[in-house]
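Asks: Have a look at this one.
The values are calculated or read from the model by the stated rules, or taken from the named source; none is laboratory data. Note that this is a predicted model, so its numbers are computed, not measured. No Cβ is skipped: glycine too gets one built from the backbone with ideal geometry, and neighbour counts run over all protein chains shown.
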Amino acid sequence: MPDFNWILKMAMRDFRKNLSRLLLFVSSIVVGIAALVAISSFGENLVKDIDNQAKELLGADLVLENNKPLGDQALDSVAIQLASEVNFASMVAFPKTDASRLTQVRALEGDFPFYGKLETIPSEGDADFRSGGKKALVEKTLMAQFDAQVGDSIKVGSVMFRIVGELQKVPGQTGITATVAPAVYIPMAYLEETGLVQYGSRVEYNRYLQFASGTNVEELIKPFEDQWEMDRVDADTVEDRKRSTGRSFGNLSNFLSLVAFIALLLGCVGVASAVNVFVKEKLASVAVLRCLGVASLDVLLIYLVEIVVMGLFGALIGSILGTLLQFILPAVFADFLPVEVTVGISWVSVGFGMITGLFVSVLFALLPLLKVRNVSPMATLRPETADSTLLKDPARWAVMVGILLFIFGFSYFLLKQVTWALGFTGFVLVAFGALWGVGKLIMWAVRKFLPISLSYPWRQALANLYRPNNQTISLIATIGLGTAMISTLFFLQNQLLEEAKFADKEDQPNMLMFDIQTPQLADVKSKVVDRKMRIIQEVPIVTMQLNEINGIDKKENEELPDEENYSRWLYNREFRVTYRDTLIKSETLTSGELIPLGARGDSIFVSLEKGFGEGNKMKLGDELIFNVQGRPIKTYIGSFRDVKFNQVSTNFLVLFPEGVLEQAPKFHVIITKTQNDRQAADVQSEIVREFPNISIINLGTIVETLEDILGKISFVIQFMAFFSIATGILVLISSLIISKYQRMRESILLRTLGASSGIVRVINTLEYFFLGSLASLSGILLSFMATFLLGEFVFEMNFSLVWKEGLIIYLAITGLTIVLGWLNGRRIINQPPMEILRGNG
Amino acid sequence: MSILSIQNLSKTYQSGSRKLTVLENVNFEIQAGETISIVGPSGSGKTTLLGLCAGLDSGSTGSVVLNGQALEKLNEDQRAAVRNKDVGFIFQNFQLLPTLTALENVMVPLELKKRKDAKEKALELLEKVGLKDRATHYPTQLSGGEQQRVSIARAFANEPKILFADEPTGNLDTETGEMIEKLIFDLNTEKGTTLVLVTHDLELAAKTRRIIHIKGGKIQEDAHA
């Protein structure tokens, strides 16, 4: 039975002399824990704030939504306040600059929002807007883009409005929504006059209701839910909004925690690597203790106690830092948050950070620490026998399994899905494995192919990478993974933008006009042709809904068990469909064939987008009955198509053959190519002036919006990647300090043998150069792989090597390593060898 | 009375596909209170023999009976308990624990025995080796001779029945070496401990009453004075 008092006493004695070194071990986990605690606290507070501000999130007690006018509703009479909104995408024009762009027009009637308010500059803008007249409130991003001022005019459809306020905040809306679809509020009274609501316009009708305080809205709406379901009316209550917002932000905070967890794992590699060096240096003492009669378990416990104390200390520092860090998180995530987030200490998160920190430091330290159990007392007489391999030690394998289980368990705790947690564990394994492999490969290649004719400092610096106790691989893993995260982000961002801009250079379409009514078609076409622009595609579009799938209508589908039914969304959505008997450039047939009308009796065969069909359990031959403006049309699935959605073209989930929909009410899309920005602006303003209902997207606007969104997302990702980089730097610093003694001895030896301090400096610099290069190159290589895979399978774009960015990242990381190395080694080089030999150094 | 009995002891190491025999069929017995030297050239197997006698390692065949206990029948932790109870060590390179003060180094064997008076006893021993005033110094703050004196105090702390010394003066200058030799022999006489010395210094060996010559892993001569 171990004597715990004595073990504690010995641990504390050892601790005195190792305090600063042990502090270095735990410094690696501080950043990871800080990130975890910060995000967890932020998540906790966010959930609380969503709860507290749920009413402001929705702006009303109940919102009814449909794509047809709602008409009178039974609950209207129960409500104490009513408001209505009609919203749709449309072009708006700023006559001052003759510029136009696609926006989200919201025609409002009534005092919505009932909770919270439309925040405007000037603050009385909201009241002015509601006081009547042709007035508009315009989103601040839109105002900034067109350099518009309050008091300027804005043309929506055929009506000119005076801007009375710049919208700062709309309840429930995030900064990102404002960027993608900036809103323009106009009074409902002028909606008809704008002439914008025509056939084919995708219009959403909202009714906002406020009930007397204390009303149980959930109970109140129950009797109407079935009818709403049938009428495809979507009802949203405060509770619903609270749930859905809470869920999506719960997911976001879990995702961010996962990123923080990666930083923590990197730190754990640092802990394991530092403890490994620590243990190697302790082997002689372990042998002595064994010789004096200390049991192997007791020796293990002595060092474990030290790790536990330091783990707790690291976790505490991390938790304090994390709690402080969360104060800046609301600013970082400002564009994504629908509510005002308060900050405060979350004890649950602090506890979570403490336990996690302690657990990971013990778990990862155990890996090298187990070695002390196997040290033979014989090593006091023969020191070379002290370092034993642990490959066959079952306890070590148990710890490894424990680590994997921990990673799986932790990710399952965050992701709540076994497959995702397995995926994440697999990803961690593959990423570390790949870095380890790449690191090994590069080291092998350097050793194998480097000419021996190199001068001495070069050879010595390279040889230092293989010195006993080297931490080369662990540094490559930690710095490499941090580098990989940052560079993957840069590369992807770059490539997405390049891809978007590239389209302009080729003979690719770059302008898309939609919502063109049939009588307007000829005029629009002639305007395009007059400007010597080519009409690349002219596409008729018919809107329809899905009534039955394989004989199952909406009502029957509701009654089917979850595993058998179709997604409710299928029956509720409005399909925009075109008809043709050929494929276009962005489409490839994956199964079945395009069957023209009449080829197989009088059956109609439609083609479905592959992902959409497979995702909804549909197969070739399935029967689909569409409702085209009140007329049912029975069709069968004749084929599946793979559609590339990243090109400027019209892409459809459902494609009809020719000869079926020609007589149905429809609108049109024209796709064309402008020669330059000037021409794009001119044609856009001419068409918008004459046909205000027609919406136009040009590639310039897409690129601009994309840049804006990517900028916002990448700021968040960079902020998160910072944790990994910071951990990498801490691991680098700690391993440099830990290996200082060894470097010192090498330096002394070299200088005793007559090497000038200049030579020693060159050797050290070169060593850091190689270390930094290996780590950053491994990371960059990994990120090239990741960019390639993401590009190939997620974004469907061609991979191109981004040398410039890669080089910048390489130089930055390598430079940083060299600078840190210099700072660490300065004292060693500047002191006379005797000082160090005597132990005064 | 026999304190250490070695019978048919051999030690073989596997080096790749080759078997390397370091000790071959060694037999001898040591009586309580005896002083004995094991001498031989480098690589003759004397350090291996010392390790096996002290229970630091186990032989490939044969038996080591220390104070009535057959070591080959014990596991490593049980052998550690025997070492704590009956064995003392002095090493060529002192082997002090660098993170412990001189006093704490001497206290370790006493604390392991759960002695309440560990500190007093350790101070007494440090006084005996002339280092009471250096009790709070760490090994790096002591000279080689001082470190070896602390190591001697530690070796005698648990009042061992048998003391193993591996080249105890090998790392010291002549003058300090002689002082250390005197200290070891004086304390040994005072405590009545059995002393087993491993050395290639024949002058030092001559100070013990029995010398075992070993070469190529075999005993060449077992001479009593």
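Asks: Can you find even one residue in segment A:40-50 that is under 29 Å from the mean Cα position of the chain (by Cα), away from every other protein chain (no Cβ under 14 Å), surrounded by fewer than 18 Cβ atoms within 10 Å (Cβ to Cβ) and not charged (D, E, K, R)?
Replies: The answer is yes, given that some residue of segment A:40-50 is under 29 Å from the mean Cα position of the chain (by Cα), away from every other protein chain (no Cβ under 14 Å), surrounded by fewer than 18 Cβ atoms within 10 Å (Cβ to Cβ) and not charged (D, E, K, R).
Asks: Mind listing whichever residues of segment A:528-552 are of a type in the set (S, T, N, Q) and closer than 20 Å to A:Tyr579 by Cα?
Replies: Listed by number, the residues that qualify are A:Gln537, A:Thr543, A:Gln545, A:Asn547.
Asks: Condition first: facing another protein chain (nearest Cβ under 8 Å) and out of contact with any helix residue (DSSP H, G or I) (no Cβ under 8 Å at 6 or more places or on another chain). Now tell me which residues in segment A:1-31 satisfy that.
Replies: Passing the criteria: A:Arg16, A:Lys17.
Asks: A further question on this structure: Show me the strands (runs of 3 or more DSSP E) found entirely inside segment A:610-725 where at least 3 residues are hydrophobic (A, V, I, L, M, F, W, C) and crowded, with 16+ Cβ neighbours inside 10 Å.
Replies: Of the strands (runs of 3 or more DSSP E) lying wholly inside segment A:610-725, those with at least 3 residues that are hydrophobic (A, V, I, L, M, F, W, C) and crowded, with 16+ Cβ neighbours inside 10 Å span A:623-628, A:631-643, A:654-656, A:667-672.
Asks: If B:Asn158 satisfies all but one of (1) more than 13 Å from chain A (Cβ to nearest Cβ); (2) in contact with a strand residue (DSSP E or B) (Cβ under 8 Å, 6 or more places away or on another chain); (3) not β-branched (Val, Ile, Thr), what's the number of the condition it fails?
Replies: (1)
Asks: Do we find that B:Ser37 is away from every other protein chain (no Cβ under 14 Å), closer than 25 Å to B:Lys191 by Cα and hydroxyl-bearing (Ser, Thr, Tyr) in this structure?
Replies: Judged against the criteria, B:Ser37 is a match.
Asks: Now for a different question. Being within 15 Å of B:Phe164 (Cα to Cα) and assigned to a strand (DSSP E or B) is the filter here, so list the residues in segment B:192-223 that pass it.
Replies: B:Thr194, B:Leu195, B:Val196, B:Leu197, B:Val198, B:Thr199, B:Arg210, B:Ile211, B:Ile212, listed by residue number.
Asks: Filter segment B:101-117 for residues that are in contact with a helix residue (DSSP H, G or I) (Cβ under 9 Å, 6 or more places away or on another chain) and more than 10 Å from every other protein chain (Cβ to nearest Cβ); which is surrounded by the fewest Cβ atoms within 10 Å (Cβ to Cβ)?
Replies: Top of the filtered list is B:Asp117.
Asks: While we're on this one: Taking the conditions exactly as written (more than 11 Å from chain A (Cβ to nearest Cβ) and touching an Asp or Glu at 6+ places or on another chain (Cβ under 9 Å)), does B:Ile30 satisfy them or not?
Replies: In short, no.
Asks: What do you reckon, is B:Ser37 assigned to a loop (DSSP other than H, G, I, E, B), touching a residue at least 12 places away in the same chain (Cβ under 8 Å) and crowded, with 17+ Cβ neighbours inside 10 Å?
Replies: Here the answer is no, as B:Ser37 does not meet what is asked.
Asks: Moving on to the next point. Can you confirm whether A:Val259 is under 22 Å from A:Gly402 (Cα atoms) and within 14 Å of chain B (Cβ to nearest Cβ)?
Replies: Spelling it out, it is not the case that A:Val259 is under 22 Å from A:Gly402 (Cα atoms) and within 14 Å of chain B (Cβ to nearest Cβ).
Asks: Looking at segment A:327-346, is at least one residue part of a helix (DSSP H, G or I) and either modelled with pLDDT of 90 or more or over 30 Å from A:Gly711 (Cα atoms) (or both)?
Replies: No, every residue in segment A:327-346 fails to be part of a helix (DSSP H, G or I) and either modelled with pLDDT of 90 or more or over 30 Å from A:Gly711 (Cα atoms) (or both).
Asks: While we're looking at this one, here's another question. Would you point out the residue of segment B:45-94, among those that are under 18 Å from B:Leu197 (Cβ atoms) and part of a loop (DSSP other than H, G, I, E, B), that is farthest from the other protein chains (Cβ to nearest Cβ)?
Replies: Taking the candidates together, the pick is B:Gly45.
Asks: Take segment A:272-308 and flag every residue that is modelled with pLDDT under 90, more than 19 Å from A:Met400 (Cβ to Cβ) and more than 13 Å from every other protein chain (Cβ to nearest Cβ).
Replies: Across segment A:272-308, the qualifying residues are A:Val277, A:Lys280.
Asks: Given the structure, is A:Arg207 touching a strand residue (DSSP E or B) at 6+ places or on another chain (Cβ under 8 Å), among the basic types (Lys, Arg) and either assigned by TED's automatic domain parsing to the domain that holds A:Gln53 or surrounded by fewer than 20 Cβ atoms within 10 Å (Cβ to Cβ) (or both)?
Replies: no
Asks: Turning to a different aspect of this structure: Considering only segment A:182-213, state which residues are within 23 Å of A:Gln81 (Cβ to Cβ) and touching a Pro at 6+ places or on another chain (Cβ under 8 Å).
Replies: A:Tyr205, A:Tyr208, listed by residue number.
Asks: Further, regarding this structure: Quick check: is even one residue across segment A:265-281 touching a helix residue (DSSP H, G or I) at 6+ places or on another chain (Cβ under 6 Å) and among the charged types (D, E, K, R)?
Replies: No, every residue in segment A:265-281 fails to be touching a helix residue (DSSP H, G or I) at 6+ places or on another chain (Cβ under 6 Å) and among the charged types (D, E, K, R).
Asks: Could you check segment A:510-593 for strands (runs of 3 or more DSSP E) lying wholly inside it with 1 or more residues that are surrounded by fewer than 14 Cβ atoms within 10 Å (Cβ to Cβ)?
Replies: Those strands (runs of 3 or more DSSP E) span A:587-592.
Asks: Scan segment A:594-609 residue by residue and report those that are surrounded by fewer than 19 Cβ atoms within 10 Å (Cβ to Cβ) and not basic (Lys, Arg).
Replies: A:Ile595, A:Pro596, A:Leu597, A:Gly598, A:Ala599, A:Gly601, A:Asp602, A:Ser603, listed by residue number.
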